[in-house]
1. Given (1) in contact with a Ser or Thr (Cβ under 7 Å, 6 or more places away or on another chain); (2) in contact (Cβ under 8 Å) with a residue 40 or more places away in the chain, where does E101 come up short, assuming only one miss?
2. State yes or no: is G5 surrounded by 17 or more Cβ atoms within 10 Å (Cβ to Cβ), small (G, A, S) and either more than 19 Å from the chain's Cα centre (by Cα) or at pLDDT 90 or above (or both)?
3. Hey, could you check segment 102-127 for residues that are hydrophobic (A, V, I, L, M, F, W, C) and in a loop (DSSP other than H, G, I, E, B) and say which is nearest to T74 (Cα to Cα)?
4. Residues in segment 111-127 that are over 15 Å from the mean Cα position of the chain (by Cα) and surrounded by 12 or more Cβ atoms within 10 Å (Cβ to Cβ): how many?
5. Given the conditions (1) farther than 25 Å from W2 by Cα; (2) among the β-branched types (V, I, T); (3) part of a helix (DSSP H, G or I), report the number of the one that I34 does not fulfil.
6. Might you let me know whether segment 42-54 holds any residue that is more than 17 Å from A22 (Cβ to Cβ), at pLDDT 90 or above and either loosely packed, with under 15 Cβ neighbours inside 10 Å or in contact with a Gly (Cβ under 8 Å, 6 or more places away or on another chain) (or both)?
7. Hey, among T74, T91, which residue is surrounded by 10 or more Cβ atoms within 10 Å (Cβ to Cβ) and at pLDDT 90 or above?
8. Spot the failing condition for P39; the list is (1) surrounded by 14 or more Cβ atoms within 10 Å (Cβ to Cβ); (2) without any contact (Cβ under 8 Å) to a residue 40 or more places away in the chain, and only one is missed.
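The values are calculated or read from the model by the stated rules, or taken from the named source; none is laboratory data. All values derive from a computational prediction rather than experimental measurement. Here the Cβ positions follow ideal geometry from the backbone for every residue, glycine too, while neighbour counts run over all protein chains shown.
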Amino acid sequence: MWQTGLLTVGMLIISNVFMTFAWYGHLKLQTAGISSNWPLYGVILFSWLIALAEYAFQVPANRMGFVGNGGPFTLMQLKVMQEAITLIIFTVFTIVFFKGEQLHWNHFVAFLLLVGAVYFAFMDTSK
């Protein structure tokens, strides 16, 4: 079952890379002058095409990872894990593509609190 868990996490990571580019990549294209003149519907369509790839990984990851389908994770664990992965991917994306953005102490505190959320979501409460 650990292989299913590992595959689920890997697919969630890939999904979140696509999601981050779908949600925020157009901002980088705009600052680079590539999409500055695109109408809003063009930006939306562009983002939807990227989001299609996100869904191609997200949906199967959740289906195979869900305990109700024989996977190792509860629905709450999948969601909290996905949020933690999203924050990590977003932070890397921001540092790499938006060099002017800065991380401050409060961001690190927020990260630690999210790690705490993952811990509590996976904590065994049956004892």
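1. (2)
2. no
3. Looking at the filtered set, the residue picked out is M123.
4. Residues that pass the stated criteria total 3.
5. Unmet condition: (3).
6. Within segment 42-54, not a single residue is more than 17 Å from A22 (Cβ to Cβ), at pLDDT 90 or above and either loosely packed, with under 15 Cβ neighbours inside 10 Å or in contact with a Gly (Cβ under 8 Å, 6 or more places away or on another chain) (or both).
7. Of the residues listed, the single one that is surrounded by 10 or more Cβ atoms within 10 Å (Cβ to Cβ) and at pLDDT 90 or above is T74.
8. Failed condition: (1).
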